[in-house]
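The values are calculated or read from the model by the stated rules, or taken from the named source; none is laboratory data. Fair warning: this is a prediction, and the values are worked out from it, not measured in the lab. A quick note on method: Cβ atoms are made from the backbone with ideal geometry, for glycine too, and the neighbour counts reach across all protein chains shown. Side chains included, ligands, DNA and RNA excluded: accessible areas come from the protein's heavy atoms. Shrake-Rupley method; radii C 1.70, N 1.55, O 1.52, S 1.80 Å.
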Amino acid sequence: MRTIYAFLLGIIMVFAIGCEKEKKVSNQLETNIEELLSKMTLEEKIGQLNLRGTSSRAKTLSEELKQKVREGKVGALLNVMNKEYVDELQRIAVEESPNKIPLIFSRDVIHGFKTIFPIPLGMAASWDEEVVKNSSRVAAIEASSYGIRWTFAPMLDIAKDARWGRIAESPGEDPYLASQLARAYVEGFQGDSLSDPTSLIACAKHFIGYGAAIGGRDYNTAIISKEQLHNTYLPPFESAFKAGAQTVMTSFNEVNGIPASGDKELLTNILRKQLKFDGFVVSDWNSVTEMIAHGYAEDEKQAAEKAINAGLNMEMTSKSYEDNAKELLKENKLSMNQIDNMVRDILRVKFRMGLFKTPYRNKNKDVEIYSSKHLELAKEAAIKSSVLLKNKNNVLPLNKKAKVLIVGPLANKPREQLGTWTFDGDKKYTITPVASFEKNNANFEFIEGLTYSRDTNKKYFKEVLSKASKADIVLFIGGEEAILSGEAHSRANINLPGAQEKLIGELAKIKKPVGVTIMAGRPITLQNIKNKVDAILMTWHPGTMGGDAIYDILFGVKEPKGRLPVTWPKVAGQLPLYYNHKNTGRPASPKEYVHIDSIPIGAWQSSLGNTSHYLDAGYEPEYPFGFGLGYTSFEYSNFKLSTTSLTEDNTIIASIDITNIGERTGEELVQLYIQDVAGNITRPVKELIGYKRISLKSKEKQKVTFEITVDDLKYYNNQLKYGVEKGKFNIWIGANSASKVKEEFVYE
Ligand code: GLC
C-alpha cells in the first residue's frame, strides 16, 4: 500500500513541478513583455499594430518600407517572397529599429507551399487527421526556409453552399469533422514548439460566419442565431485554440448587422473571455476600412476606433490605425491601456516564436523543397481525398491491357490541377494524369477535345468521337479551372462549365464505358451526365501529385478512400443543402413528395405534398455527406448498445459487426451519428459524433465499437446554456449520413 501512495505522491509532485515550471515560464514571458513595453514610444506601439503588404513579385526592396521598418512602424509583413529581402528587412528591424523588435513574415500557405496538396475541401474528404497534419508540417518546413513564420491558415469556415467560391478552402459542412481537422492543421503548422525555426504560427480564419454568406455569394451578409454560432460555427475555432493557434483573422462579412472586424461581442467577449484566446487578432485585407462600405463607420478614423474598441490587434494592409490611433487617444476615444494590451498580445506571440533569440530564417540548406518524401505525402493525400461517386458494373479499376482514350480540358493542365491559393507551387513539378499514364507506359491515347474548362468550341468533337470508337474505355478528365473557385469566385450555376457536358453526352453515344474524373473546387451538379456515364471520381483540385494518385486509383493500385465532407446537391437551387438540417414541422418523405411532372393539369389548388421539398428537385441530395465508394463492399450487422439508458454516471458502448463481402481488401470509414429527438430547442436530424477507419481483407469481419458519453450530446440552447435535456435519442452507425442502421437510447 505504501508503495502505491509513494507512486501517487510522485505523480502529484511531477505534475506540480510541471505546472510550477510552466507558470515560471509564463511569468518570465510576461516580465519580458512588460520590460520591452516600458521602453517603447507610442509611435512604436502603434507600429506593432501594422501588417504591411508587399507585392510577392517585387523586383526591388522599397526604401520607404525599409525606412518604416527602421522607425519601428511595422509589426509584420505580408508576401515578402524574396529571401534576401526577408533577411535585409529583419536585419533592419533587429539592428536599426529603436527597440530591435523582430518582424513576423506572413503568407497564405493554405494547402502546401511549394509541394501542393489537395485543396482543403479535398483534404477534408480524407477524414484523416494524420494526412492533414503531415500536409501542414511539410508546408511549414518548405515555407519557413523562405523566412515565412506565419500562415493565414487553417481556414475553418463551415460551408453549406457549393455556390460559394471559398468552399474550396473550407473544411466542409460538419462542425465535428472540421474540429478534428482544425487541431491537425494547427499541430502540423506550429509543430512541437513555436520557437522551432520550422514552426509557422497558425491563423484560425475567418472569424466568423464567412461561410454563411447569403446565397453563397462571397463577402455577403451573414445572419446567424446565437445557438447556430455556438453549435456550428465556433467549434472548429475552439478546437484550433485548444491546439494552440496563436492568431485569428476576422472575416470580411457582417454577422447580424456588425462587421466581424468591429464586433466587440465576437472579438472580446466570445474570443477572449469565453474561449480564453491569448494570441492576437489580425484583420483580413482592408476589412477594417471596409467597415465604411458596410455602413458601420463614417470614415477611416471611426473604423479604427471601432476595430480597436472591438479588440482587433493588427490591421492588415489598410492604414487606419497608423493614421488615426494617436488622435483617437488624444480625444479619449481610446485608452493607452487598450493600445498597451493590443501590443502585449503581439509581443507575447513574438516571444513565444523565439524571434527575439532567433529572428533570422531557417537557412538550413537541407530543407528539400519538393523532396521525394514531401511528394509522396502529397500523393497519399490526393489518393485519400479522392471520392468515388459512381462505379457501375465495377468498370473501375481498369484492366492495364485496356486501350484507354483520355479526353478533357483538365487531363494535362499542371497549373489548373493545383487549385486555388497556390501562389508558390511551381507547375513544372505537377504530375498530370496524362504525364502519369505516360510515365507508367499505359496503353492510352490523349486528345483534349476542349482546350479549357469553359471552352464551348466543338471543333475537335468529331476527332474525339472517332478516336473514342477505337478505344476500350474513355476517361474524361474535366471540371473547373482553378480560377473558378476560391475568393470572390462564387458561381450561381455549378454544373460542368463550357461544352463539357455536351462532349460527355456525345461520348456516351459511342456505347463504350465512360469514366469521368472531376477536378473542381466544389461539388459539381451532375444531373445532365450522371446517368450517361459508368464511373465518376471526384479528386477536387488534387495538387502536385494528382496525376499519380488518379492513375493509381483508376488502375486499382490504390483504392479511392475519400468520403464527402459536404452534401452533394442535385441542382444549385437546392442550396444551401446539408445533412445536419432541422426536421421542420413538415419533413419531406417519399410518400408525400409530388414531382412537378406528376401534377395533373388543372389540378385543384391545394398544398400538394404538404411537406418541405422542391416540386422539381425533391429534397434529397445527389450524394449524402460522408458518402464515397471503394473497390469492395461492406455489410453492417448486429448493431448493439451496451445499455439503452445513458446517465451522467455511465457510458454506452455501441458495437457493430462489419464484413468485407467483396473480393478485395478495402477500407471503410465507419461513421457514428445521433439525433436528440426533442430538445428545448429543435435539434438537427443527425449529428456526426465519431468516425473510425478500418481495413478488412475479403470476407473478413470485425466488430467496431464507439463509446458514447453525455458530453457527446451537449449543445448550446438559445440562452447559451450548454447541456442536454433528458429524453430519447436516435443513434446510427453507417458508411455515410444516409445510413438507416439505427438504434435508440434514452438519456435519463
Ligand atoms: C484575402 C483572404 C484571406 C487571406 C488574406 C491575405 O483577401 O480573405 O483569407 O489570408 O487576404 O492574403
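DSSP assigns beta bridges within the stretch 175-292; of those with both partners inside it, close to 20 percent run antiparallel.
Once the Cα-Cα distance is subtracted from the 0.36 nm per residue extended length, the residue 400 to residue 34 segment shows a gain of 125.0 nm. Around the Cα centre of the stretch 44-98, unit charges on the Cβ atoms of Lys, Arg, Asp and Glu (plus for the first two, minus for the last two) sum to a dipole of about 240 debye. When peptides 20-30, 673-683 are sorted by average Cβ neighbour count within 10 Å, with the highest value leading, the order is 673-683, 20-30.
In this structure the stretch 547-599 gives 41 Å² per residue of accessible area when probed at 1.4 Å with all protein chains present.
Residues whose amide H lies under 5 Å from that of residue 568, counting only those 5 or more places away or on a different chain, are 622, 623, 625; hydrogens are built 1.01 Å from N in the peptide plane.
Rounded to the nearest Hz, the phi-derived 3J(HN,Hα) couplings of the stretch 469-485 under the Karplus curve 6.51 cos²θ - 1.76 cosθ + 1.60 (θ = phi - 60°) are 5, 9, 9, 7, 8, 10, 10, 9, 10, x, x, 10, 4, 4, 5, 7, 9, where x marks glycine and proline.
Taking 7 Å steps out from each Cα toward its Cβ at residue 88 and residue 196 produces label points 3.2 nm apart. For the stretch 212-219, 3J(HN,Hα) computed residue by residue from phi via the Karplus equation (6.51, -1.76, 1.60; θ = phi - 60°) reads 8, 3, 4, x, x, 9, 4, 6 Hz, glycine and proline entered as x. Converting phi to 3J(HN,Hα) with the Karplus coefficients 6.51, -1.76 and 1.60 and the offset θ = phi - 60°, the stretch 578-588 yields 8, 6, 8, 7, 7, 7, 6, x, 9, x, 5 Hz in sequence order, with x at every glycine or proline. With a threshold of 29 Å on the Cα-Cα distance, the over-threshold entries among 83/439; 532/699; 703/728; 24/100; 21/721; 591/703 are 83/439; 532/699; 21/721; 591/703. Between the residues 119, 531, 627, the greatest Cα displacement towards the positive end of the dipole of the chain, with unit charges on the Cβ of Lys, Arg, Asp and Glu, is found for 531.
Report the local net charge at residue 151: Lys and Arg +1, Asp and Glu -1, summed over other residues whose C-beta lies under 9 Å from its C-beta.
Overall, the nearby charge balance is +1.
Normalised Debye scattering of the stretch 1-143 at q = 0.16, 0.20 Å⁻¹ gives log10 I(q)/I(0) of -0.96, -1.08, counting only Cα atoms as equal scatterers and leaving out solvent. The protection proxy used here, the mean number of other Cβ atoms lying within 10 Å of each residue, ranks peptides 247-254, 511-518 as follows, highest first: 247-254, 511-518.
For an R0 of 45 angstrom, estimate the FRET efficiency from the Cβ-Cβ distance between residue 657 and residue 22 and round to the nearest 0.05. Computed FRET efficiency for residue 657 and residue 22: 0.50.
Here is what passes the span test in the chain: the DSSP H helices with alpha carbon length of 20 Å or more along the helix axis and a Kyte-Doolittle mean of 0.0 or above are 2-39. Note on the stretch 650-700: with charges restricted to the Cβ of Lys and Arg (+1) and Asp and Glu (-1), its dipole about the Cα centre is near 60 debye. Beyond a 20 Å Cα-Cα separation, which of these cross-linked pairs lie in this structure: 242/686; 459/502; 400/512; 470/530; 133/379? Among 242/686; 459/502; 400/512; 470/530; 133/379, the Cα-Cα distance tops 20 Å for 242/686; 470/530.
If r is the Cβ-Cβ distance from residue 680 to residue 595 and R0 is 41 Å, what FRET efficiency results, to the nearest 0.05? E(calc), rounded to 0.05, equals 0.65. When you restrict to C-alpha pairs under 8 Å that are six or more residues apart and normalise by the size of the chain, the relative contact order lands at 12 percent.
Counting only DSSP beta bridges whose two residues both lie in the chain, roughly 55 percent are antiparallel. Counting other Cβ atoms within 10 Å, which GluC sites (Glu not before Pro) in the stretch 652-697 have at most 15 and lie in a DSSP loop? Sparse-neighbourhood loop GluC sites (Glu not before Pro): 663. Every helix of 4 or more DSSP H residues in the chain counts as -39500 (n - 2.57), and over all residues that averages to -8500 deg cm²/dmol at 222 nm. Working ranking of peptides 102-115, 552-565 by packing, defined as the average number of other Cβ atoms within 10 Å per residue, highest first, is 102-115, 552-565. Rounded to the nearest 20 debye, the dipole magnitude of the stretch 386-430 is 360 debye, with +1 charges on Lys and Arg beta carbons, -1 on Asp and Glu beta carbons, and the Cα centre as origin. Comparing 81, 414, 484 along the charge dipole axis of the chain, the residue lying farthest to the positive side is 414, per the Cβ-charge model. Of the residues 185, 269, 243, the one whose Cα sits farthest towards the positive end of the charge dipole of the stretch 184-336 is 269 (charges of +1 on Lys and Arg Cβ, -1 on Asp and Glu Cβ, taken about the Cα centre).
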